[in-house]
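Engineer: Below you will find the structure I want to go over with you.
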Amino acid sequence: MQHIRALGFDLFDTLIMVRTPNRYEAPQRMLRSLQAQGIAVDTETFLAAYWTVIRQFLDEAKRHGRESHNSFWISTTLEQLGHAVSPDDERIAVAVEAYFSVFLEHAQLLPETLPLLTTLRQRYRLGLLSNLTHAPAAHQILAQLGLTSFFDVILVSG
């Protein structure tokens, strides 16, 4: 391995895990945020439409190799339900933060992450590449778990 100078890592399920109470907690927080900000949508109707929209955006990402941000998913869902709310609307930004608050609360290091990175950092340059759709959340998680300083490069596709 003399020719190897750097190593790259993914974030989720490689260095950390996020164990939420249930898989619906993040979208439910997002929805409650929208409702609290005056966007009247029925929970079941919104969530059913939201899952369909996500699948469409993910299929599109596979075809074209470009991911989209959660704000587009939310805006498109709301539009389908009769609410014209731009992806740039502050209410959507607040809802995205509510969604990712679950990740911040439940992110945990995998048991060998710190010893592994400590050892590898002595010999190699380290990089992190994550396809999380909301880069601020990835950077917050890295900082919260004390991982930022291990990496020479951090690239989050979101």
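Engineer: May I ask you to verify whether T77 is surrounded by 17 or more Cβ atoms within 10 Å (Cβ to Cβ), of a type outside the set (A, V, I, L, M) and at pLDDT 95 or above?
Structural biologist: Values: surrounded by 17 or more Cβ atoms within 10 Å (Cβ to Cβ): yes; of a type outside the set (A, V, I, L, M): yes; at pLDDT 95 or above: yes.
Yes.
Engineer: Just to check your reading of the model, which residue among L145, L109, L104 is aliphatic (A, V, I, L, M), open to solvent by 20 Å² or more (accessible area, probe 1.4 Å) and either over 18 Å from the mean Cα position of the chain (by Cα) or within 16 Å of R29 (Cβ to Cβ) (or both)?
Structural biologist: Numbers: L145 fails: either over 18 Å from the mean Cα position of the chain (by Cα) or within 16 Å of R29 (Cβ to Cβ) (or both); L109 fails: either over 18 Å from the mean Cα position of the chain (by Cα) or within 16 Å of R29 (Cβ to Cβ) (or both).
Unique residue meeting the criteria: L104.
Engineer: Can you tell me which residue within segment 7-21, out of those that are of a type outside the set (D, E) and open to solvent by 60 Å² or more (accessible area, probe 1.4 Å), is farthest from L117 (Cα to Cα)? Full working, then the answer.
Structural biologist: Quick first cut of segment 7-21, residues of a type outside the set (D, E) only: 7-9, 11-12, 14-21.
So of that shortlist, the ones also open to solvent by 60 Å² or more (accessible area, probe 1.4 Å) come out as 8, 14, 19, 21.
Working: G8: 11, T14: 12, R19: 22, P21: 28 Å.
This residue is P21.
A quick yes/no check of all residues on (1) in a loop (DSSP other than H, G, I, E, B); (2) in contact (Cβ under 8 Å) with a residue 12 or more places away in the chain:
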residue: L7; (1), (2): no, yes
residue: Q35; (1), (2): no, no
residue: I39; (1), (2): yes, yes
residue: Y50; (1), (2): no, yes
residue: D59; (1), (2): no, no
residue: K62; (1), (2): no, no
residue: F72; (1), (2): no, yes
residue: H83; (1), (2): yes, yes
residue: R91; (1), (2): no, yes
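Engineer: Are there any pairs, at least 6 apart or on different chains, whose C-beta atoms fall under 6 Å, with the first in segment 129-158 and closer than 13 Å to F100 by Cα and the second of a type in the set (G, A, S) and assigned to a loop (DSSP other than H, G, I, E, B), and if so, which?
Structural biologist: L132/G158; T133/G158; H134/G158; A135/G158
The values are calculated or read from the model by the stated rules, or taken from the named source; none is laboratory data. Nothing here was measured: the structure is a model prediction, and the numbers come from that model. Counting neighbours? That spans all protein chains shown, and the Cβs are built from the backbone with ideal geometry, glycine included. Accessible surface is based on the protein model in full, side chains and every heavy atom, while ligands, DNA and RNA are left aside. Shrake-Rupley method; radii C 1.70, N 1.55, O 1.52, S 1.80 Å.
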